[in-house]
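K.L.:
Below you will find the structure I want to go over with you.
Just so it is clear, none of the values below were taken in a lab; they were calculated from the coordinates. Remember, predicted model here, so these are calculated numbers, not experimental data. Reconstructed Cβ throughout: ideal geometry from the backbone, glycine too, with neighbour counts over all protein chains shown.
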Amino acid sequence: MDLGLAGRTAVVTGASKGIGLAITRALAAEGVTVVAGALHGSEELSAVAGARPVAVDLTTPTGPAELVAAAGDAVDILVNNVGAVRARLDGFVALSDEEWEWSLTINFLAAVRTMRAAIPRMTGRPGANIVTVSSVNAFLPDPGVLDYSAAKGALSNVCKSLSKELGPGIRVNTVSPGPVRTDLWLGSSGVAATVGGASGSDPADVVRRQEAAAPSGRFTRPEEVADLVVYLASDRAANITGSDVTIDGGLITTL
Ligand SMILES: NC(=O)c1ccc[n+]([C@@H]2O[C@H](COP(=O)([O-])OP(=O)(O)OC[C@H]3O[C@@H](n4cnc5c(N)ncnc54)[C@H](OP(=O)(O)O)[C@@H]3O)[C@@H](O)[C@H]2O)c1
């Protein structure tokens, strides 16, 4: 399927690894120039032909605008992907203002600031659109990741509002993954290690239990999320806006 994306310019946040790296690779493979922001960067990102890595802290008030400015005056596609989660094992009352602020900044405010900077550069460009990587936790509130769930709920909500404000010129969609095989879940300080450490269980068992909760019996691969994002970013999805697409192996059981 020709997605017709060649020659366009995209900004991707959180692009050095995991889902963001997969999205960057997939867009670049379609001939898109990808301005790819991450805190530290990575060898894998530097190796992507067509990607322009930008080292930036997206949790600062100015970081998102600095990233967008690196794309120049014209942006066709924005992928809000940056996000992070810390398992909250001590309950709501133990959660401090600082922890709330950290979560709301990286999972919500970073995308707000990036969109504020990008939208003026997208206006009037044919096919311009925003795809935001939210989470099933946006509509599956989980006390174990209570602040993350709240931040992702706000993120999906704002994107839906924006689809109404910006149509017909700019499409705005979200994708909501269930667990994905990245460091966020599987890394040395990821969800499986944190939950396993606190409960005295092997992180691999934590993953197996989570996998068993989905009809597909497995986590999603980052490349599978990337394929979905690239489709939504293409003109093949020209009449899809204000939509949220779940990719979770069937984990969510309600309609
Ligand atoms: N993995 C899952 O199970 C899952 C499920 C649902 C939704 N999601 C969402 O998918 C998105 C990507 O998650 P992932 O699993 O791919 O995460 P990941 O593997 O941990 O990658 C996170 C990316 O964000 C970057 N980043 C972190 N803090 C940053 C900062 N302050 N400034 C700039 N960049 C920063 C990292 O860059 P450096 O490495 O350079 O620091 C990295 O490129 C997130 O929004 C997450 O909430 C993930």
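K.L.:
Might you report the magnitude of the Cβ-based charge dipole of the chain about its Cα centre, with Lys and Arg at +1 and Asp and Glu at -1, to the nearest 20 debye? All intermediate terms of the calculation are to be shown ahead of the outcome.
P.N.:
Details: 20 positive and 26 negative charges, 110 e Å.
Here the chain has a charge dipole of around 520 debye.
K.L.:
Still on this model: In whole Hz, with x marking every Gly and Pro, tabulate ³J(HN,Hα) for segment 203-219 from phi via Karplus 6.51 cos²θ - 1.76 cosθ + 1.60, θ = phi - 60°.
P.N.:
Calculated HN-Hα couplings, in order: x, 5, 6, 4, 5, 4, 5, 5, 4, 5, 6, 9, x, 6, x, 7, 6 Hz.
K.L.:
Moving on to the next point. Which angle from 0 to 90°, rounded to the nearest 10, does the C-alpha axis of helix 222-233 make with the longest principal axis of the chain?
P.N.:
Long axis of 222-233 versus the principal axis of the chain: about 40 degrees.
K.L.:
In degrees between 0 and 90, to the nearest 10, how far off the longest principal axis of the chain does helix 146-166 point, with axes built from Cα atoms?
P.N.:
20 degrees
K.L.:
Would you work out the relative contact order for the chain, in percent, from Cα pairs under 8 angstrom that are 6 or more residues apart?
P.N.:
On the way: 517 pairs, mean separation 50.1, N = 255.
Once divided by the residue count of the chain, the mean separation gives 20 percent.
K.L.:
Where does the chain land at 222 nm, in deg cm²/dmol rounded to the nearest 500, when only DSSP H runs of n ≥ 4 count, each adding -39500 (n - 2.57), divided by all residues? List each step's numbers first, then the result.
P.N.:
On the way: 10 runs with 100 residues, N = 255.
So the calculated ellipticity at 222 nm is -11500 deg cm²/dmol.
K.L.:
Let me ask something else about it. Convex hull over the alpha-carbon atoms of the chain: what's its volume per residue in Å³?
P.N.:
Each residue corresponds to 124 Å³ of Cα convex hull volume.
K.L.:
May I pose another question? What are the aspartates and glutamates whose alpha-carbon lies under 18 Å from the alpha-carbon of LYS17, with same-chain residues fewer than 8 places away excluded?
P.N.:
GLU43, GLU44, ASP57, ASP183, GLU223, GLU224, ASP227
K.L.:
Next question, about the same structure. For segment 185-233, what is the relative contact order in percent, using Cα pairs closer than 8 Å and at least 6 residues apart in sequence? Before the final figure, lay out the partial values.
P.N.:
Values: 23 pairs, mean separation 8.5, N = 49.
Answer for segment 185-233 is 17 percent.
K.L.:
Now a separate question. Given H placed 1.01 Å from N in the peptide plane, which residues other than close sequence neighbours of VAL75 have an amide H under 5 Å from its amide H?
P.N.:
Those qualifying (amide H under 5 Å, at least 5 residues apart or on another chain) are MET122.
K.L.:
A follow-up question, please. Compare the peptides 171-184, 98-111 by average per-residue count of other Cβ atoms within 10 angstrom and give them in order, highest first. Please list the in-between numbers first.
P.N.:
Values: 171-184: 21.9, 98-111: 19.3.
Ranked by mean Cβ neighbours within 10 Å, highest first: 171-184, 98-111.
K.L.:
Taking 0.36 nm per residue of sequence separation and subtracting the Cα-Cα distance, how much length would be gained by fully extending the chain between ALA198 and ASP57, in nm to one decimal?
P.N.:
47.8 nm
K.L.:
Separate question: Output the 0 to 90 degree angle, nearest 10, between the alpha-carbon long axis of helix 110-122 and the longest principal axis computed from the alpha carbons of the chain.
P.N.:
10 degrees
K.L.:
Please give the peptides 74-83, 88-97 ranked by average Cβ packing (other Cβ atoms within 10 Å per residue), highest first, as a rough proxy for protection.
P.N.:
In descending order of packing, they fall as 74-83, 88-97.
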